[in-house]
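See below for the structure under consideration.
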Amino acid sequence: MGIQMTFLGHSGFLVESGSHAVAIDPFLTGNPLATLKADQIKCTHIVLTPGHGDHFGDTIVIAKANKAEVIAAYEICEYVGEQGISGNPGNPGGRIDTPFGWVAFTQAFHSSSYEGRYMGMPCGIVLHMGGVTLYHCGDTTIFGDMKLIGEIYRPDVACIPIGDRFTMGPELATRAAKMICPKLSVPIHYQPMDLLVQTADDFKPQGVEVKVLQPGEHWAYDV
Ligand code: MN
């Protein structure tokens with residue numbers, strides 16, 4: 001058991017286990033750090049955090065090419081449904097059983113819109129696949145319930161935004177990682193724009209291992 005993860009750059013991942021592959025926030029077109037193109041993504045499901053372009057990204061193209069189901073906030077699923085894509089909606093606090101395991105939605109303190117359209121609550125997601133639990137915080141600041149989310153889901157891996165300005169920066173993200181207390185933390189949502197923090201050097205949560213991934217980097221996490 002375990003998962004294989006490929007970092008797509010920014011907040012995006014491809015998480016694979018057995019016959020299933022989940023693309024999280026597949027922002028490739030227009031992402032200067034992306035090493036893969038949308039037509040190279042093979043997946044069975046797409047999971048989204050906020051509906052903004054730097055997360056929604058190539059969802060429509062990838063979902064259509066793969067006949068992949070989109071698991072996301074209710075309003076995002078309404079939108080993709082209008083494009084003929086199958087959606088599996090949720091909202092914070094909810095958990096959806098899936099063929100690969102389950103996806104739970106958490107709160108995230110952010111906004112969520114796409115081309116001026118309201119896209120519902122921004123969410124973090126907890127993905128359980130291949131026996132591994134992964135908490136992708138989405139775009140958010142730190143909040144006290146991160147400790148509770150850590151206690152409830154006991155994530156093996158947490159993907160934590162550190163880029164500042166639109167999310168927490170490295171200092172707050174360091175505190176967030178200590179609250180969530182995963183076995184491994186992966187910094188995300190930095191670098192591609194000049195406005196954001198350019199390195200993960202200041203993300204140093206004591207007692208939590210940090211894995212800095214390069215876009216395109218592929219690694220396995222076994223349990
Ligand atoms: Mn973002």
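Structural remarks
- The alpha carbon convex hull volume per residue for region 77-150 rounds to 95 Å³.
- Descending Cα extents along the principal axes, region 41-178, whole Å: 41, 36, 25
- Rounded, prolate or oblate (a/c below 1.5 giving rounded, otherwise prolate when a/b exceeds b/c) for region 170-214 by Cα gyration tensor: prolate
- With every protein chain in place, region 49-153: carbon and sulfur % of accessible area (1.4 Å): 51 percent
- Heavy-atom accessible area order for 145, 54, largest first, 1.4 Å probe: 145, 54
- Computed lengthening from residue 147 to residue 117, 0.36 nm per intervening residue step minus Cα-Cα distance: 7.6 nm
- Percent antiparallel among DSSP beta bridges (both partners in region 95-215, rounded to 5): 65 percent
- 5 Å-binned pair-distance histogram of region 101-143 (Cα, whole percent): 6, 23, 23, 20, 15, 10, 3, 1
- Accessible area per residue (1.4 Å probe, heavy atoms of protein chains only) ranks 10, 110 as 110, 10, with the largest value leading.
- Gained length - residue 194 relative to residue 82, 0.36 nm times residue gap less alpha-carbon distance: 36.9 nm
- Computed over the chain, the per-residue total of -39500 (n - 2.57) for DSSP H runs of n ≥ 4 gives a 222 nm mean residue ellipticity of -5000 deg cm²/dmol, rounded to 500.
- Its Cα gyration tensor gives region 16-115 an equivalent ellipsoid; the semi-axes, largest first and in whole Å, are 19, 17, 13.
- Inter-part distance where region 29-58 and region 122-197 are each reduced to a Cα centre, Å: 19 Å
- Sorting 109, 203 on solvent-accessible area from highest to lowest, probe radius 1.4 Å, gives 109, 203.
- Anisotropy class assigned to region 118-179 is oblate, per the alpha carbon gyration tensor with a/c at or over the 1.5 cut-off and a/b no larger than b/c.
- Segment residue 61..residue 165, full-extension length gain: 34.5 nm, with 0.36 nm per residue of separation and the alpha-carbon distance subtracted.
- Computed over region 116-223, the Cα gyration tensor eigenvalues convert (square root of 5λ each) into semi-axes of 20, 17, 15 Å, ordered from largest to smallest.
- Residues of the chain: accessible area per residue with a 1.4 Å probe, Å²: 42 Å²
- Across 42/211; 42/204; 147/211; 37/211, pairs whose alpha-carbon gap is larger than 30 Å: 42/204
The values are calculated or read from the model by the stated rules, or taken from the named source; none is laboratory data. All of these numbers come straight from a predicted model, not from anything done at the bench. Just so you know, the surface numbers come from the protein's heavy atoms only, side chains and all, with ligands and any DNA or RNA stripped out. Shrake-Rupley method; radii C 1.70, N 1.55, O 1.52, S 1.80 Å.
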